[in-house]
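What follows is a single structure, written as structure tokens, with notes after it.
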Amino acid sequence: MRKSVMSAWFAFNAPFEGVCLHPYLDNRGLVTVAVGNLIEPMSAAEVLPFRKPNGMLATVAEIRTEWRRLKAKAVPEDTVEAWRKNHPGAPLPIQLLGGAHPSQQAVTTLRLRKPDVETLVRRKLLQNEEAMRDRFGLSGWNQWPACAQLPTHSMAWAMGSHGFGGFPKFCAAAKRQDFAAMAAECRVMPDRGTLKLRNAANKALFLYDARV
């Protein structure tokens, strides 16, 4: 990964995900924290340095209790439209209100500190980096310009590094460094909300590489 990608990553990625020190449910009802970092299964949450309101580190038992309390509020519907269709007149579940909504914050008391969030984000980015090198070839990936590595990491963050298996045309274009074709094939679904904004930013970066 180019140093400029590492340096720019947090500022680039945070607007699409938000930064939450508290655990929350994403729109799919998955327990999440930090900058869109999934903490499912529960064991992924147990190893994080969550702190209680008094500043003391939470125990594994306390983390499990809060994780279960939050997960119990998950519902099958992942869009406002689906919820209103299936539950006319009912208040929206917290997972459809956004991670930063006060209703999400009120469910839990445990929090991460900002340096812990930065560490968690960096760790996931480096894990994705290994997956990028395996998928696209170490030598080829290292030759990519920063403006191609950055949106590829962005795609991996949104769908998981395993998700490229569903993008055969993108992967084929990536291996020949055809950035225009990558721009045409980089859209991650569902193309709405902040993911639509992420898709637009990714496409613009690939097109910039194609022009350069």
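The values are calculated or read from the model by the stated rules, or taken from the named source; none is laboratory data. Only a predicted model underlies this, so the values are computations on that prediction, with no experimental measurement involved. Here Cβ is always computed from backbone atoms with ideal geometry, including for glycine, and neighbour counts include all displayed protein chains. Note: accessible area is taken over every heavy atom of the protein model, side chains too, but ligands, DNA and RNA are not part of it. Shrake-Rupley method; radii C 1.70, N 1.55, O 1.52, S 1.80 Å.
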To the nearest 20 debye, the chain has a Cα-centred charge dipole, built from +1 on Lys and Arg Cβ and -1 on Asp and Glu Cβ, of 160
Give the accessible surface of the chain per residue, rounded to a whole number of Å², with probe radius 1.4 Å and ligands, DNA and RNA excluded. 52
Of Pro15, Pro115, Pro88, which has the largest mean-square fluctuation in a 10 Å C-alpha GNM of the chain? Pro88
So the angle from the long Cα axis of helix 3-17 to the longest Cα principal axis of the chain, reported in degrees to the nearest 10, equals 50
Note, segment 138-151: 3J(HN,Hα) by Karplus (6.51, -1.76, 1.60, θ = phi - 60°), whole Hz, Gly/Pro = x, goes 4, 5, x, 4, 5, 8, 5, x, 4, 6, 9, 5, 4, x
Gain in span if fully extended, Met56 to Ala11, counting 0.36 nm per residue against the direct Cα distance: 13.3 nm
Heavy-atom accessible area of the chain with neighbours in place, 1.4 angstrom probe: carbon+sulfur share in percent works out to 56
D (Stokes-Einstein, µm²/s), Kirkwood Cα radius, segment 30-78, 0.890 mPa s at 25 °C: 213
Would you work out the charge dipole size for segment 1-125 about its Cα centre, treating the Cβ of every Lys and Arg as +1 and the Cβ of every Asp and Glu as -1, and quote it to the nearest 20 debye? 300
For segment 108-182, give the magnitude of the charge dipole about the Cα centre (Cβ charges: +1 Lys/Arg, -1 Asp/Glu; no others), in debye to the nearest 20. 160
quick shape note, segment 57-160: Cα extents on principal axes in Å, largest first -> 54, 40, 19
For a distance above 15 Å, tell me the whole-number percent of Cα pairs in segment 1-96 that qualify. 67
Per the helix-only calculation at 222 nm, which mean residue ellipticity applies to the chain, given -39500 (n - 2.57) for every DSSP H run of n ≥ 4 and division by its residues, nearest 500 deg cm²/dmol? -16500 deg cm²/dmol
Would you be so kind as to identify which of Gly166, Met56, Ala72 lies farthest towards the positive end of the dipole of the chain, taking Lys and Arg as +1 and Asp and Glu as -1 on Cβ and the Cα centre as origin? Met56
If I model the chain as equal point scatterers sitting on the Cα atoms and use the Debye formula, what is log10 I(q)/I(0) at q = 0.11, 0.13, 0.14, 0.15 Å⁻¹? -0.58, -0.79, -0.89, -0.98
Relative contact order, percent, segment 1-159 [alpha-carbon distance under 8 Å, six or more residues apart]: 30
Using the alpha carbon gyration tensor of segment 134-212, what are the three equivalent-ellipsoid semi-axes (square root of 5 times each eigenvalue), largest first, in whole Å? 18, 14, 11
To the nearest 10 degrees, the tilt of helix 193-211 (Cα long axis) against the first principal axis of the alpha carbons of the chain is 20
